[in-house]
Amino acid sequence: MASRNPGLAPIHEKADGETRLSGSLLSVWPALLVILVVLGGIYSGIFTATEAAGVGAVLMLLAGLMQRRLRWSDFAYSLVQTATTSAMIFAVLLGAEVFNAFLALTQMPEEAAELIGGLSISPYAVMAALMVFYILLGGVMDELAMMLLTIPVVFPIINTLDFGIPKDEVGIWFGILVLTVVGIGLIAPPIGLGVLIVTSIARDVSIAQVYRRILPFVAADFIRLAVLTAFPSVTLFLVRAFS
């Protein structure tokens, strides 16, 4: 994109080493520290991913206090936003539990799996249809709610299909594909929730302008999704290498 339109990445005057060290690097050290501690703690097994979120929040709070950039109004606002988000998540979880109970009583996932398995449809055609479904759904629904409500129905169907790879690897492959299409759905036209969030923050930028800029990246995402769907070995390479 930058080679086609150099204005997207203009050349600025190069700063010397002292300026970079005293200015740029020192101004971002809290973020670098949080990244190192959180990722290091997860991969070393010191704490789980959920606990890492709490550790990261505490570290950023301390960094804001040490730099004297965190005002009481900002702290109060963050608490309100956290409470609002947590309430939304718990509401989604409660709804998902009720929905899962409904699925267990009606046995709809098992019935759907038997129906799809009895049809003479290519497993990859079923997977492609599910990917399109998730992309469309991702444009109008929060990713957490989408996965909680659909995985109990969709995963039994996937488990009945033969993709030429072991069943335990099918689950990993499908999970990676779902995470990929969820990301695409958040920005893909016509209703990308991510795009709506960006335009609500940058009010001087229209949705049409944002979509014009992100369409090349959406196209790249679709190419990546096609490769991951058609060649499961690409998705599972690291899994097999470290198992």
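See the values below:
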quantity: Evaluation of Met60 against (1) surrounded by 14 or more Cβ atoms within 10 Å (Cβ to Cβ); (2) assigned by TED's automatic domain parsing to the domain that holds Pro152 (one fails), failing number; calculated: (2)
quantity: Which listed residue is under 30 Å from Phe163 (Cβ atoms), part of a helix (DSSP H, G or I) and either out of contact with any His (no Cβ under 8 Å at 6 or more places or on another chain) or modelled with pLDDT of 85 or more (or both), from Val98, Val37, Val126; calculated: Val126
quantity: The stretch 37-52, residues that are touching a residue at least 12 places away in the same chain (Cβ under 8 Å) and closer than 17 Å to Thr82 by Cβ; calculated: Ala52
quantity: Search result, residues across the stretch 142-159 that are out of contact with any Pro (no Cβ under 9 Å at 6 or more places or on another chain) and farther than 15 Å from Met131 by Cα; calculated: Asp142, Leu144, Ala145, Leu148, Leu149, Asn159
quantity: Scan of the stretch 129-159 for residues that are surrounded by fewer than 18 Cβ atoms within 10 Å (Cβ to Cβ), under 19 Å from Ala226 (Cα atoms) and modelled with pLDDT of 80 or more, ordered by number; calculated: Ala129, Val132, Phe133
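The values are calculated or read from the model by the stated rules, or taken from the named source; none is laboratory data. The structure presented is a predicted model; accordingly, all values stated were derived computationally and were not measured. Note that each Cβ is placed from the backbone with ideal geometry, even for glycine, and that neighbours are counted across all protein chains shown.
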